[in-house]
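To start, the structure under review is shown below, and the notes come after it.
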Amino acid sequence: MPKFRLALTIIGWLLMMAIAVTAASTSVIYAYRYGIILAGSEPYPWLTGAALAIADIVKIGLPAIIVALWALSHRATAQTLSIVFVMLLGLSLWSSTSMTAIERAANDAKATSASRIEADLRNELTAAENRIVELGSPPPLAAVEAEIDGVRADARWRTTDACNPLHVFPSSQRFCEKAALKQAARANAAEAEGLRVRIDEIRRKLTTPAPEAAKTASPELAVISDIFGWRAESVGFVRAVYFAVALELLGAFLPSAVWYLRPVIGTSSPEPMSVPQPAKVAETSGTPKSSAPTAASRPVTRKASTGKRGRKRDPNVLDFVRKFRERHGRLPNIPEMRAEFPGLHKSTLWRAARVTFGNETRAVASARG
């Protein structure tokens, strides 16, 4: 069962780290693209993009470094890196919001162009339908062509030389008038046929929206615009900037937070520091009460509870205080000592520090004297 829980913990941590890395990599990509756009007129714009991407990567690792330095009491360095982190975070926020604004403007331009094209198509469709009504809704062109072929097959068509006015006799005049009407109907039918083809094409385009319009379509923007009376473009821009800022902040702090929550594998929990016990009082029934024991044989009779005076010093505490002072140039404070020795009382820890400092001071004074 513990192994199963450990496996679930590792899997959950890996999923959280994957989310953190995805958010951080998105921020790095935004920084790189913004650098390329910023240095578009230069010979090598990718250098600027790479520099901004590296700065964004450094920004991702700075929170963990700052926390570690602060824990080691390097506060000046931690504060300096905090200022650098804030500057890099501002640069990343600027690049992300700029790229989001540029992409949103491009999408809005595509949506506007698609809307304009759709409006033009609808106007053209209306004009074509009105023109067909003006033509009187002529029959199909194939039917008119069949009627004209029948007229041309008539003998009067040949005798009048295709209804030539010079050869039209009174007996053939009515026939030629009908032939002329057929010719006019043929022209109207041909125009109507072309309009019908164009109408079918326009309707097909209107029922199949363009890819740009499909990408920029957002039902929630239309709902928000109707409720608050805002423009859909403005709502979309604010939403895009909000998501960019949220993603930037997530990518800046989440990797370090997930890293500190990593599961520990293969190491056992540290054993608590044992509290030194006082020596037992020796049974000296045969010793006269008046005889005082020597300093070497005097037993320790004081209690070891709650760190009272006369308690036996733990050599581990003394060694820790000495090494801490050599490394940092000062004595450790109570929280630092209790973090190292959670089982000891603070008064015991403080006396150990004072004793160590007093011994070193006396040693230095004796060496100088």
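Read the figures in this text as sums done on the coordinates, not as results from a lab. Note that the coordinates shown come from a computational prediction; the quantities given were computed from them, not determined experimentally. FYI the Cβ positions are ideal-geometry reconstructions off the backbone, even for glycines, and counts take in every protein chain you see.
If the segment from residue 319 to residue 177 were pulled out straight at 0.36 nm per residue, it would be longer than the present Cα-Cα gap by 38.5 nm.
Spin-label model, residue 338/residue 86: points 7 Å from Cα along the beta carbon direction are separated by 3.1 nm. Scoring 315-326, 5-16 by mean Cβ neighbours within 10 Å over their residues and listing the highest first yields 315-326, 5-16. Annotation for residue 193 and residue 156: the two label points, set 7 Å from Cα along the Cα-Cβ direction, are 2.6 nm apart. Here the calculated FRET efficiency for residue 11 and residue 73, from their Cβ-Cβ distance with R0 = 30 Å, stands at 0.25, rounded to the nearest 0.05.
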